[in-house]
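Worksheet for the structure shown next.
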Amino acid sequence: MRARVFALTAIVAIAVAALGAQTRFTYSSGQPLSPAYEGWMYNADGSVTMYFGYMNTNWLQEFDIPIGPDNNIEPGGPDQGQPTHFYPRRSPFLFTIRLPKDFGTKELIWTLAANGRTEHAYASLKSDYEIDSQVISTEVGGDFGSLREERRTNMPPELRVDGEKRRSVKVGEPLTLIAFAGDPDNLPARRDGRSQPRSASGRMGESPAATSPAAPASPALPAAPAPAARGAANANPAAALYRPPSAIVPSMGPGLHFSWIVYRGRAAAVTFDPDQLKAWTDTRAYANSAWSPPYNIPVPPADGKWVARASFSEPGIYILRAVASDGALFTYDNVTVTVTR
């Protein structure tokens, strides 16, 4: 009897230890903010583009850190186009720095300080940091984490913001923002087969469904297949058994989507109408994010024209960033807004 009790106690202890080893705590606030160096690519002229993002390990706390000792990129800074507002969690591949051909073995160092901790990202041109479109897609969980080879030739969305790049409004006065976006190659394709604009011209192009076949279903796709897809699977059991390789990362739903974010300035003082799809990796269900299950990416406007209004409750200088994504790659543009009383 004692032996049986001892064995049972040992099993419980092992189970509790294993459960403790797998526990992952999440925090609303008080945790670090870390800059991220994502990698680099060659440009056609031989110059190099470095990619950066960040990880805010809090789920609720956001930061406004002006350019200076607590937010700088050196050498050549402190201001090299980095954000000053930081949303929760991961914001990958958020900005770039273009470097000359002769940058060589030097480093750029991005320093961020928040919640009493200072973190650094060290950016160099070491060969193991070289990336391509597929790497970007994989890192952001594009197309539900697909690793299909076609991701290497994926084209980023086209994006055009109407109007002046510098605007002025008064506190409480709505500012109309108009942007046009399109996905030139329809990769990765929407799972529902709905048409998407192919350019940022403001004119609806040829239906993507007629020129680009839908991508194979991903194992991460939570929704049941459409009736036609179920019929195809029944006709070809081998196709139903095959699952393309996928990466184990937060998954982003495929399909063209667009949103405005506050890139610089106090985001708490900015209100968008309508509410904008989150551009950070909020993975909670129904969280209005491209990374949020059930991955219901809104259907784009037929002409690729997104209209929003921004209102400001405090004076200051704000940079609003337009973010277009095809569900794997990103394209950005900025509007600087001076808000007065």
(request) With θ set to phi - 60°, apply the Karplus curve 6.51 cos²θ - 1.76 cosθ + 1.60 along the stretch 292-299 and write out the HN-Hα couplings as whole Hz, x wherever there is a Gly or Pro. (result) 9, x, x, 6, 8, 5, x, 6
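What is the calculated FRET efficiency for residue 128 to residue 283, with r their C-beta to C-beta distance and R₀ = 35 Å, to the nearest 0.05?
Working: r = 28 Å, r/R0 = 0.79.
It comes to 0.80.
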(message) Keeping all protein chains in the complex and leaving out DNA, RNA and ligands, what accessible area do you get for residue 96 with a 1.4 Å probe, in Å² to the nearest 10?
(response) 70 Å²
(request) Please work out whether the stretch 28-181 counts as rounded, prolate or oblate from its C-alpha gyration tensor, where a ≥ b ≥ c are the square roots of the eigenvalues and a/c under 1.5 means rounded, while otherwise a/b larger than b/c means prolate and anything else oblate? (result) rounded
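With all protein chains present and a 1.4 Å probe, how do 333, 102, 70 order by accessible area, largest first? If you can, show how the numbers build up before the last one.
Values: 333 35, 102 120, 70 75 Å².
Most to least solvent-accessible, the answer reads 102, 70, 333.
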(request) In debye, nearest 20, what is the charge dipole magnitude of the stretch 85-160 about its Cα centre with +1 on Lys and Arg Cβ and -1 on Asp and Glu Cβ, if you could check? (result) 240 debye
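Working out 0.36 nm times the residue gap between residue 272 and residue 164, then minus their Cα-Cα distance, what length gain in nm do you get to one decimal?
Details: separation 108, 0.36 × 108 = 38.88 nm, distance 1.88 nm.
Gain in length upon complete extension: 37.0 nm.
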(request) Would you grab the residues whose amide H sits under 5 Å from the one on residue 114? Only those 5+ places off in sequence or on another chain, please, with H modelled 1.01 Å from N. (result) 33, 119
(request) Could you work out how far the C-alpha centroid of the stretch 112-139 sits from that of the stretch 246-283, in angstrom? (result) 20 Å
(message) In whole Hz and in residue order, list the ³J(HN,Hα) couplings for the stretch 56-65 that follow from phi through the Karplus curve 6.51 cos²θ - 1.76 cosθ + 1.60, θ = phi - 60°; x for Gly and Pro.
(response) 9, 6, 8, 8, 10, 5, 10, 10, 10, 10
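With a Förster radius of 25 Å, plug the Cβ-Cβ distance of residue 48 and residue 336 into 1/(1 + (r/R0)^6) and report the FRET value to the nearest 0.05.
Details: r = 27 Å, r/R0 = 1.06.
Approximately 0.40, to the nearest 0.05.
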(message) Can you tell me how the stretch 102-199 classifies by the Cα gyration tensor, rounded, prolate or oblate, using a/c under 1.5 as the rounded cut?
(response) oblate
(message) Starting from the 7 Å offset along Cα-to-Cβ, what nm value, one decimal, do you get for the label separation of residue 155 and residue 60?
(response) 4.5 nm
(request) Determine the shape class of the stretch 91-154: with a ≥ b ≥ c the square roots of the Cα gyration tensor eigenvalues, call it rounded for a/c under 1.5, and otherwise prolate if a/b is greater than b/c, oblate otherwise. (result) oblate
(message) Rolling a 1.4 angstrom probe over the protein chains, ignoring ligands and nucleic acids, what is the accessible area of residue 126 in square angstrom, nearest 10?
(response) 120 Å²
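Figure the gain on full extension for residue 303 and residue 74 (residue separation times 0.36 nm, minus the Cα-Cα span) and round it to one decimal in nm. If you can, show how the numbers build up before the last one.
Values: separation 229, 0.36 × 229 = 82.44 nm, distance 4.21 nm.
Extending this stretch completely gives an extra 78.2 nm.
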(request) Show the residues, 5+ positions off or on another chain, whose built amide H is closer than 5 Å to the amide H of residue 177. (result) 308, 309, 310
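The values are calculated or read from the model by the stated rules, or taken from the named source; none is laboratory data. All of these numbers come straight from a predicted model, not from anything done at the bench. Every residue, glycine among them, receives a Cβ derived from its backbone with ideal geometry; neighbour counts consider all protein chains shown. Ligands, DNA and RNA are excluded from the accessible area calculation, which covers all protein heavy atoms including side chains. Shrake-Rupley method; radii C 1.70, N 1.55, O 1.52, S 1.80 Å.
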